[in-house]
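The values are calculated or read from the model by the stated rules, or taken from the named source; none is laboratory data. The shown structure was predicted, so the numbers you read here are calculated from the model rather than taken from an experiment. Neighbour counts are summed over all protein chains in view; Cβ atoms, including those assigned to glycine, are modelled from backbone coordinates with ideal geometry.
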Amino acid sequence: MNISVWRRGGVCLTAVAVMAGVAGCQGGDTEKKSAPAAEKAPAKSSATEVITAAYQKTSEAKSAKVRMTMTMPESAGMVEGDMEMSGVMGWGPTVMDMTVKGAALSAENAGLENTRMIWVDNVLYVDAGAEAAKEMDGKRWMKLDMAAAAEASGDKALEKQMTSGLENMNQDPAQQLALLLDSPQLKHVGSEKVDGVPAEHYKGTLTLDEMMKSDGALGVLDEKERQDMIDSMKKSGMEGYDTEVWVNEDDYPVQMNIGMKTSQGLVKVSAHYSDYGAKTQVEAPSAGETFDLAEMMAGLADEGAGGAAS
């Protein structure tokens with residue numbers, strides 16, 4: 001079996017792990033707390049009030065259309081260049097139907113100009129393309145239990161990279177706004193237009209140390225949610241965030257630029273959001289169209305062990 005099949009999966013897995021951690025995948029149905037300050041304020045006179053209101057509206061929307069560009073450091077093991085993604089995402093619970101393109105997909109041993117990713121019921125499905133279908137009895141969709149697939153690959157560096165990304169996957173856009181509220185440098189930059197829409201521009205930075213010291217006075221995240229996020233940042237090597245957000249007149253973020261400082265370097269994501277509350281009726285490919293990447297890699301490992309023994 002050509003190893004390029006699983007490499008396609010590895011490339012897509014890396015991209016989606018980072019993308020989901022930054023821009024929209026939440027592992028459960030946790031209800032967000034209400035934000036009384038935003039609801040009662042007669043006029044939004046401060047950056048805190050605006051971002052609190054944006055947090056509440058985004059939490060309640062639970063889905064949006066998104067187009068995103070992600071740039072990863074070379075040390076993270078990705079092919080140099082941007083990864084572009086567009087489609088619909090939902091949080092609480094996680095669902096996604098995205099088209100992905102970029103240098104990593106078209107690199108040697110990957111062989112795809114673009115691909116489609118579907119995430120539903122905590123499983124990721126990647127369209128591996130017509131070439132993969134030829135090798136897999138007509139099955140072109142890879143089914144990825146991501147942690148299991150990384151472990152089965154036998155590549156310890158890949159496994160660490162994948163599981164580190166997965167540790168950060170409980171951060172939907174609303175939780176990114178909650179992090180911004182913890183920033184001691186949160187400020188209003190000015191009025192601008194994003195995609196032709198008037199918006200107010202805000203920015204702030206937050207280090208892991210600052211987050212640990214913050215008392216979370218605004219209360220938009222409960223104590224367990226805050227501690228889970230701190231633990232995730234520690235495990236994944238996250239050192240802090242630089243966040244910029246543009247909020248429209250309806251209190252929704254229309255663009256978020258996030259710089260994640262990690263032990264491997266700076267990960268940059270620019271996401272444009274629209275159609276909050278968009279339908280996310282995402283369906284998994286049929287079983288007859290899919291093959292399990294983790295099972296495939298386990299089989300290859302067994303074959304290799306058998307060959308070595310003989």
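Observations
- Tyr241 being aromatic (Phe, Trp, Tyr) and modelled with pLDDT of 90 or more: no
- Selection count, region 80-106, where residues are more than 16 Å from Val123 (Cα to Cα) and modelled with pLDDT under 90: 13
- Note on region 228-250: among residues that are without any contact (Cβ under 8 Å) to a residue 60 or more places away in the chain and closer than 12 Å to Thr205 by Cα, the one that is surrounded by the most Cβ atoms within 10 Å (Cβ to Cβ) is Gly240.
- Close contacts from region 274-292, counting a first residue that is more than 15 Å from Pro93 (Cβ to Cβ) and a second that is of a type in the set (Phe, Trp, Tyr) and part of a loop (DSSP other than H, G, I, E, B), with Cβ to Cβ under 9 Å and a gap of 6+ residues or different chains, come to Ser274/Tyr252; Tyr276/Tyr252.
- Residues in region 254-266 that are within 22 Å of Val189 (Cβ to Cβ) and either touching a His at 6+ places or on another chain (Cβ under 8 Å) or crowded, with 19+ Cβ neighbours inside 10 Å (or both): Val254, Gln255, Met256, Ile258, Met260.
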